[in-house]
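Below is one structure, written out as structure tokens, with a few remarks after it.
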Amino acid sequence: MSLPLAGVRVVEYAQYVAGPLCGVLLADLGAEVVKVEPPGGDGYRHVMPAAPGIGRFFVPLNRGKRSVVADLKTVEGRETSERLLASADVALHNFLPERAARFGLAWEDVNPAHPALVVGRVTSYGTSGPLAGAPAYDLVAQARAGLLTAHASPGDTVPVRAGGIPMADLTAGFLLASGVLAALVRARETGIGELVDVSLLAAALAVQLQDLVWLPGEAQGNDVAVADRAHLGARASEIASGVAMNPYYRCFEASDGFVAVACLNVAQRRAFLDLFGLDDPTIDAPDLVQDDPAVRAAKEGLTSAIADAFHGHAVAEWLERLEAAGVPSGRVQQRETVYADPQVGAEALVAEVEQEGLGAVRLLAPFVRVGGHAGAAAPAPSLGADTDAVLAELS
């Protein structure tokens, strides 16, 4: 029996988690997914390496795909890409705007050439507001959305991801798949493709859907509250796990709050270390827990030295330094007040509706944007409110 997306071709340029998850979901539904990779491969091939060119996390996110190597920095690679796009129903990518334009994947270029093509795009913070076009990874998005403090435990000395799960990445992949499928239905009916956008920030908010509701009468501030040690929980000793020993993808405590740092490639890690004048012989594979006690002790010392340095300056100062060095980072905020975040407001990720029985309620707006627009937020229906109308439509 053929699957629903049999005959659909997806060209996937996305790397790491969110975009590839969307691709694997479409593949699970029968689509042919052609993964376009640079000569060095998807960066996730080299995270938690299990074999040459194969990372532990890469496998489940890319099963069932076909791989094509094309260097989009070259004319030949872009010509190959253009041929693939001409054969495709869907394209997926997570490139920053400037890179997408250089690679011939900007919507303004793709749509005129391939008007029926659906393009699914993952961004960090969205396409408007003060952080439009800024880079971020899962940890930073969770920090911005308040998700890191959602399940803080007394034993945590800094905010950590619940279970180490990349919740923003995974949720973005699921949301993107749903938006792409809806756009694909319309493209099949009308011959008109759409640009479908999902940001990691929206995804990190989406998983808190039932909690992020600000009801009338509840205490609400007008300013974003930055998480601090009192909000996080009681003091405790620094955990000595492999995650804690990796200083490149974790949170640090500054003098007035916490900063999330997310370095996923060697260049970012080196830039981060340069801020402290430090070296790390394990910089190429910092996630691997070393067997040599001396190496482990050195890693713990490295992380401790960086943590001590963070104590001496404020969050804003660290963010300025990290941004100047090209290191993805963000402040850790309390989720109860993320509705006041200027980036959340610029992206219209929180809406207000008149809910029967409650009055004005603030809640999360639709997350997926098709053609640059999200659907309008609406209140929940009262029980049976539409029964007569719906049944009449069926007669």
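Some observations on this one:
- Counting all C-alpha pairs of the range 18-157, share separated by more than 23 Å (%): 45
- If the Kirkwood radius is taken over C-alpha pairs of the range 260-363, then at 25 °C and 0.890 mPa s the Stokes-Einstein diffusion coefficient equals 145 µm²/s.
- Accessible-area composition of the chain, carbon plus sulfur, in percent [1.4 Å probe]: 55
- Each of Leu215 and Ala314 was given a label point 7 Å from its Cα along the Cα-to-Cβ line. The distance between the two points is 3.6 nm.
- Using a Förster distance of 41 Å, the FRET efficiency for Val390-Ala116 (Cβ separation, nearest 0.05): 0.80
- Dipole axis of the chain (+1 Lys, Arg; -1 Asp, Glu on Cβ), positive-most option in Gly53, Ala150, Ala177: Gly53
- Using θ = phi - 60° and Karplus 6.51 cos²θ - 1.76 cosθ + 1.60, couplings along the range 303-314 (whole Hz; Gly, Pro as x): 5, 5, 5, 5, 4, 5, 5, 4, 4, x, 9, 7
- Options His93, Gly64, Ala305, ranked by Cα towards positive dipole end of the chain, top entry (Cβ charges): Gly64
- Highest mean packing comes first when the peptides 331-338, 156-163 are listed by Cβ atoms within 10 Å, giving 331-338, 156-163.
- Rough spin-label spacing in nm, given labels placed 7 Å along Cα→Cβ, for Ala324 and Ala346: 2.1
- Sequence ranges 250-257, 309-316, ranked by mean other-Cβ count within 10 angstrom, highest first: 250-257, 309-316
- Entry for the range 90-188 at q = 0.15, 0.21, 0.25 Å⁻¹: log10 I(q)/I(0) = -0.72, -1.11, -1.32, Debye formula applied to identical alpha-carbon scatterers, no solvent contribution.
- Among (1) 65, 55, 43; (2) 74, 49, 39; (3) 71, 60, 37, the entry derived from the coordinates for Cα extents along the principal axes in Å: (3)
- The packing ranking, built from the mean of other Cβ atoms within 10 Å per residue, places the peptides 377-384, 132-139 in the order 132-139, 377-384, highest first.
- Charged-residue dipole, Cβ positions (Lys, Arg, Asp, Glu), the range 64-208 about Cα centre, Debye nearest 20: 180
- Maximal additional length on extending the Ser178-Asp274 stretch stands at 30.4 nm, based on 0.36 nm per residue less the C-alpha distance.
- Relative contact order %, the range 263-395, counting alpha carbon pairs below 8 Å whose residues are six or more apart: 15
- Relative contact order of the range 112-190, pairs being alpha-carbon contacts under 8 Å that are 6 or more residues apart, as %: 33
- Cα centroids of the range 194-224 and the range 123-187: 11 Å apart.
- Solvent exposure of the range 247-395 amounts to 50 Å² per residue of accessible area, where only protein heavy atoms count and the probe is 1.4 Å.
- Estimated FRET transfer efficiency (Ala380, His151; beta-carbon r; R0 22 Å; 0.05): 0.25
- Unit charges at the beta carbon, dipole of the chain: most positive-side option, Phe103, Gly217, Val75: Val75
- Point-charge dipole on Cβ atoms (K/R +1, D/E -1) for the chain, about Cα centre, debye to 20: 880
- Estimated FRET transfer efficiency when R0 is 22 angstrom, pair Glu108-Glu82 (beta carbons, to 0.05): 0.90
- The chain: calculated mean residue ellipticity at 222 nm from DSSP helix runs of at least 4, using -39500 (n - 2.57): -10000 deg cm²/dmol
- Inter-label distance, nm, simple model (7 Å from Cα along the C-beta direction), Val75/Ser128: 4.0
- Stretch gain in nm, segment Thr190-Leu358, where the contour uses 0.36 nm per residue and the Cα spacing is subtracted: 56.4 nm
The values are calculated or read from the model by the stated rules, or taken from the named source; none is laboratory data. Note that this is a predicted model, so its numbers are computed, not measured. Methodologically, a virtual Cβ is constructed for each residue, glycine included, from the backbone with ideal geometry; neighbour enumeration extends over all protein chains shown. Accessible surface is based on the protein model in full, side chains and every heavy atom, while ligands, DNA and RNA are left aside. Shrake-Rupley method; radii C 1.70, N 1.55, O 1.52, S 1.80 Å.
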